[in-house]
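Have a look at this one.
Each reported figure results from applying straightforward, stated rules to the coordinates on display, with no laboratory input. Being a predicted model, the structure only gives us computed values, none of them experimental. Here the Cβ is made from the backbone with ideal geometry for all residues, glycine too, and neighbour counts use every protein chain on show.
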C-alpha cells in the first residue's frame, strides 16, 4: 500500500487544509414516536480536505502519479494526519476525478479530499 506523497519540505498538507471526524449513528423509529440511537460503526471516520499550492514540478508529478495509481475511490493508501500525528493505514480518495492546476510553471495547485475507510 502506498503512502500519500509528501512535499519536499516534509509536510503532507499546507495552510488552508481542514480535518473532520464523523461518527456513524443509526436511528430506529418506533410506532409510538420514540427513537433509539446507537453507534453504526465501532469508531469515528476521519476526513481531510487537503489544499496544496505553489507545488514544484517534481511535487506535481509525484502527486499526479499517486492520484493516477489510486484509481479514484477504489484505491487504498496510508495517510499521515499532521494534526494528530497518527498514520491511518486504510484511506481513499473521496472522488474518482482529481484536478491539478498547472496554469503556471513550477506553481501547481490541487484540492484533494481523503477519507478514512471503515473496516
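Using every pair of alpha-carbon atoms in segment 2-116, split the distances into 5 Å bins beginning at 0 and state the percent of pairs per bin, rounded to integers.
2, 10, 19, 21, 16, 10, 6, 5, 4, 3, 2, 1, 0
On to the next question. Which ordering of 118, 48 is given by a fewest-first count of other beta-carbon atoms within 10 Å?
Starting with the residue having the fewest Cβ neighbours, the order is 118, 48.
Sticking with this structure for a sec: Mind giving me the FRET efficiency for residue 58 and residue 113? R0 is 35 Å, r the Cβ-Cβ distance, nearest 0.05 is fine.
0.90
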